[in-house]
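As structure tokens, the structure follows; a few thoughts come after it.
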Amino acid sequence: MSKKTVASLLQQVPLFKDLNTQEIKRLEEITIPRFLAKKSTVFSEGSEKESVYFIQDGLIKTYKTDENGHEQIVSFLKTGDMFPHTGFFNENPYPATAETLVDTQLLAIPIHLFDQLMVNNPTIAIKVMRVMGRIIGDLQERLQVLSGKDVKHRALSFLLKLAEKHGQHEENKVTIHLPMTNQEFANSVGTTRETINRLFNQLIKSGILEMDRNQMVITDLEAFHEVLEQK
């Protein structure tokens, strides 16, 4: 990967968006490229946190495992995303397991090198902390919105969020290229696979949704919003 490509990706990461060219260059100097094949584990829940990662190209899912061995999806991450979100700012172990959904190119920044960079460059530290505060506030607001909805609204809201983040828009249609099972979707919104199956079947019969193994297509975005807004 060229230096220009690394710098370009780091500049697109929200946490670093306030850094100037020279500051990005210093960050780039401690960045390590990594390639992982599909279905590889980037790190496991509870393991010692050594690095924070950025997706140069690929898809990642993060999940937690309950006492019965069931997965609880935390997030799906795409090119340009950073994970774990608070990785630089506490000494806790990795809060979830991260697994590649496709062949994935990552950038890793070792935490001890990042800490040293912050100590030696307080201007960078101030900029990064300000952005982190805004990110945490946004996440808290989204959690409050989702927690106040029933299962149907949580599921539809999550599908809309996937469309916004991963979707390819074409007029009133959105194609979401994401190899995600109904069970993984159900885990993401705290319900059962059977409930999600019924909801998706209703949307398919209504002509609002099309699905196959690797993608979901919202065929009528306006009609989808009408369903979402129904009481």
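The values are calculated or read from the model by the stated rules, or taken from the named source; none is laboratory data. Predicted, not measured: the structure shown is a model, and the values here were computed from it. Here the Cβ is made from the backbone with ideal geometry for all residues, glycine too, and neighbour counts use every protein chain on show. Heavy atoms of the whole protein, side chains included, go into the accessibility calculation; ligands, DNA and RNA do not. Shrake-Rupley method; radii C 1.70, N 1.55, O 1.52, S 1.80 Å.
For the reader, a short list of remarks on this structure follows.
- Residue count for region 35-94 under the criterion of being modelled with pLDDT under 85, over 25 Å from Val131 (Cα atoms) and out of contact with any strand residue (DSSP E or B) (no Cβ under 7 Å at 6 or more places or on another chain): the result is 4.
- If you go through region 13-22 and keep only what is assigned to a helix (DSSP H, G or I) and either among the small types (Gly, Ala, Ser) or touching a Phe, Trp or Tyr at 6+ places or on another chain (Cβ under 9 Å) (or both), you end up with just Leu15.
- In region 89-101, the count of residues that are outside any strand (DSSP E or B), in contact (Cβ under 8 Å) with a residue 60 or more places away in the chain and out of contact with any helix residue (DSSP H, G or I) (no Cβ under 6 Å at 6 or more places or on another chain) is one or more.
- Residue within region 167-183 that is among the basic types (Lys, Arg), open to solvent by 50 Å² or more (accessible area, probe 1.4 Å), at pLDDT 85 or above and within 23 Å of Glu226 (Cα to Cα) present: yes
- Residue match in region 81-102 (condition: on the phi > 0 side of the Ramachandran plot and more than 14 Å from the chain's Cα centre (by Cα)): no
- Unique match (being assigned to a strand (DSSP E or B) and either open to solvent by 80 Å² or more (accessible area, probe 1.4 Å) or more than 17 Å from Phe114 (Cα to Cα) (or both)) among Lys39, Lys61, Lys25: Lys61
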